[in-house]
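*Asks:* Take a look at this one; I'll ask things after.
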Amino acid sequence: MTHLLVTGGAGFIGANFCRLITSLRPDWRVTVLDKLTYAGNRANLAGPAGPAGGSVEFIHGDIADAATVGPLVAAADAVVHFAAESHNDNSLTDPTPFVQTNLVGTFVLLEAARAHGVRFHHVSTDEVFGDLEIGAGTKFTESTPYNPSSPYSATKAGSDHLVRAWVRSFGLDATISNCSNNYGPYQHIEKFIPRQITNILTGLTPKLYGTGEQVRDWIHVDDHNRAVLDILERGRGGETYNIGADQPDINNKQVLELICELMGADGYEHVADRPGHDQRYAMDAAKLRRELGWQPQFTDLRAGLVDTIAWYRANEHWWLPAKQATEAKYAARGQ
Ligand code: NAD
Ligand code: DAU
């Protein structure tokens, strides 16, 4: 039996990962460590954890607290590290928790993994590479130099560097994955796709930053998490793997127009652009496909959005309590 410690397992991607593990690896044991910030929600792990009914233990705590982290890491066979402050716009208002969780928290986990000789997988982002020119056709590879733009992406870049240093200097058995923009169920409604869906569902106008020409490389959260599982089980120690679904470029305006079409909604408004807004992301995931045989299962964004819209329609009780406060934050920023 494998015992995983999943940090940030009450957040969007971490919770979907726990559901995937309980379904695909029902004999594994999963312990979640999560601080339950505004982005964490115990309800994300509620109910049958997966069709196969595996169990998930929940520990409420901070990854930056060494006294909490030490015994949990010692008891695990592997750490899968999702916990982070994850929203770029919030990092522009107050970078403090980003430095504390993404850098200090990762450091504390790495020290515990080193002390107890525990396998470590670090979940990171394509944003560490900076951005690409719109229309250029180029993609980020694992050897693209780091060039992060926002406090969020700078702290994620720093955490990747910490992991690499622990591999090289201390021989830690660690891997890193850098993934593009995820969508799917349980994503916090501050993020682009669920914000627009829930705006339409509550009668608010969808909001597009600036001209909406920016390109994101959308991937379904289950495809991301299947790749994380592949890397955890078969990835080479010390290696980094890019994760991306290799979709044609689609800009924010086109994604928003597709959501409006699928929901029968009319019109949207342009709002203040994000300062330092990254223009285009595109991931080359050839290494992951070649070495581990991973392939995305959701290759049609339109179909993935139909499912995602249906999920938000059916789960108003999950997102409605956070809607007013989320929109108030945006209103204060003119967005
Ligand atoms: P999220 O904001 O939905 O969830 C983050 C979770 O971490 C929450 O449950 C929160 O309570 C928890 N957390 C925050 N600070 C903590 C702390 N100090 N101690 C313990 N728990 C803490 O984030 P997400 O979108 O699920 O992203 C998960 C990971 O994936 C992050 O590391 C992010 O950088 C990375 N990532 C996200 C995307 C994306 O599109 N969302 C893409 C690539 C990589
Ligand atoms: O690329 C991976 C990253 O994707 C992850 O590392 C981050 O954790 C995750 O939040 C996401 O970052 P983005 O900043 O790309 O995602 P967000 O959903 O905030 O915005 C997607 C795009 O949509 C971006 O170009 C900004 C734009 N946008 C966003 C919001 C919230 C709008 O046009 N309107 C909006 O209301």
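*Asks:* Mind listing whichever residues of the stretch 91-104 are more than 9 Å from ligand 1 (Cβ to nearest atom) and either of a type in the set (A, V, I, L, M) or crowded, with 19+ Cβ neighbours inside 10 Å (or both)?
*Replies:* Passing the criteria: 91, 92, 98, 99, 103.
*Asks:* Quick check: anything in the stretch 84-96 closer than 20 Å to residue 322 by Cα and free of Cβ contacts under 8 Å to residues at least 60 places away in the same chain?
*Replies:* The answer is yes, given that some residue of the stretch 84-96 is closer than 20 Å to residue 322 by Cα and free of Cβ contacts under 8 Å to residues at least 60 places away in the same chain.
*Asks:* Here's another thing I want to ask about it. Within the stretch 6-15, is even one residue surrounded by fewer than 21 Cβ atoms within 10 Å (Cβ to Cβ), within 13 Å of ligand 1 (Cβ to nearest atom), free of Cβ contacts under 8 Å to residues at least 60 places away in the same chain and part of a loop (DSSP other than H, G, I, E, B)?
*Replies:* No: the stretch 6-15 contains no residue that is surrounded by fewer than 21 Cβ atoms within 10 Å (Cβ to Cβ), within 13 Å of ligand 1 (Cβ to nearest atom), free of Cβ contacts under 8 Å to residues at least 60 places away in the same chain and part of a loop (DSSP other than H, G, I, E, B).
*Asks:* Let me ask you something else. So is residue 227 more than 9 Å from ligand 2 (Cβ to nearest atom), buried (at least 20 other Cβ atoms within 10 Å of the Cβ) and in a helix (DSSP H, G or I) or not?
*Replies:* Taking the combined requirement at face value, the residue satisfies it.
*Asks:* Determine whether the stretch 298-311 contains at least one residue that is more than 20 Å from the chain's Cα centre (by Cα), more than 17 Å from residue 126 (Cα to Cα), open to solvent by less than 60 Å² (accessible area, probe 1.4 Å) and at pLDDT 95 or above.
*Replies:* Scanning the stretch 298-311, I find at least one residue that is more than 20 Å from the chain's Cα centre (by Cα), more than 17 Å from residue 126 (Cα to Cα), open to solvent by less than 60 Å² (accessible area, probe 1.4 Å) and at pLDDT 95 or above, so the answer is yes.
*Asks:* Next question. Name the pairs: first residue in the stretch 119-144 and within 15 Å of ligand 1 (Cβ to nearest atom), second residue at pLDDT below 95 and open to solvent by less than 10 Å² (accessible area, probe 1.4 Å), Cβ to Cβ under 6 Å, at least 6 apart or on different chains?
*Replies:* Hits for this filter: zero, empty list.
*Asks:* Going through 125, 138 one at a time, which residue ends up being within 28 Å of residue 249 (Cα to Cα), more than 19 Å from the chain's Cα centre (by Cα) and β-branched (Val, Ile, Thr)?
*Replies:* Unique residue meeting the criteria: 138.
*Asks:* Of the conditions (1) more than 9 Å from ligand 2 (Cβ to nearest atom); (2) among the aliphatic types (A, V, I, L, M); (3) in contact with a Leu (Cβ under 6 Å, 6 or more places away or on another chain), residue 256 fails just one. Which one is it?
*Replies:* (1)
*Asks:* Exactly one condition in (1) more than 10 Å from ligand 1 (Cβ to nearest atom); (2) crowded, with 19+ Cβ neighbours inside 10 Å; (3) part of a strand (DSSP E or B) is false for residue 33; which is it?
*Replies:* (1) is the only condition that residue 33 fails.
*Asks:* Quick check on the stretch 77-121: of everything there that is among the charged types (D, E, K, R) and either in contact with a strand residue (DSSP E or B) (Cβ under 7 Å, 6 or more places away or on another chain) or outside any helix (DSSP H, G or I) (or both), which residue is nearest to ligand 2 (Cβ to nearest atom)?
*Replies:* Going through the qualifying residues, I end up with 85.
*Asks:* Related question: Name the pairs: first residue in the stretch 63-78 and at pLDDT below 95, second residue small (Gly, Ala, Ser) and surrounded by fewer than 20 Cβ atoms within 10 Å (Cβ to Cβ), Cβ to Cβ under 8 Å, at least 6 apart or on different chains?
*Replies:* none
*Asks:* Tell me, yes or no, whether the stretch 78-89 has at least one residue that is within 24 Å of residue 24 (Cα to Cα), of a type in the set (S, T, N, Q) and touching a helix residue (DSSP H, G or I) at 6+ places or on another chain (Cβ under 7 Å).
*Replies:* No, there is no match, as no residue in the stretch 78-89 is within 24 Å of residue 24 (Cα to Cα), of a type in the set (S, T, N, Q) and touching a helix residue (DSSP H, G or I) at 6+ places or on another chain (Cβ under 7 Å).
*Asks:* Further question: With the requirement that a residue be modelled with pLDDT of 95 or more and farther than 17 Å from residue 243 by Cα, what does the stretch 136-159 give you?
*Replies:* Selection gives 147, 148, 149, 150, 151, 152, 154, 155, 158, 159.
*Asks:* I'd like to check something: does the stretch 130-139 contain any residue that is in contact with a helix residue (DSSP H, G or I) (Cβ under 9 Å, 6 or more places away or on another chain) and not in a loop (DSSP other than H, G, I, E, B)?
*Replies:* Checked against the condition, which is being in contact with a helix residue (DSSP H, G or I) (Cβ under 9 Å, 6 or more places away or on another chain) and not in a loop (DSSP other than H, G, I, E, B), the stretch 130-139 yields no hits at all.
*Asks:* Continuing with the same structure: Would you pick out the residues in the stretch 164-209 that are under 16 Å from the mean Cα position of the chain (by Cα), among the aromatic types (Phe, Trp, Tyr), outside any loop (DSSP other than H, G, I, E, B) and more than 7 Å from ligand 2 (Cβ to nearest atom)?
*Replies:* Within the stretch 164-209, just 183 meets the criteria.
The values are calculated or read from the model by the stated rules, or taken from the named source; none is laboratory data. Because the structure is a prediction, the values reported are computed rather than measured. Cβ coordinates were reconstructed from backbone atoms using ideal geometry, including for glycine residues, and neighbour counts include every protein chain displayed. Surface accessibility is based on the protein's heavy atoms, side chains included, excluding ligands, DNA and RNA. Shrake-Rupley method; radii C 1.70, N 1.55, O 1.52, S 1.80 Å.
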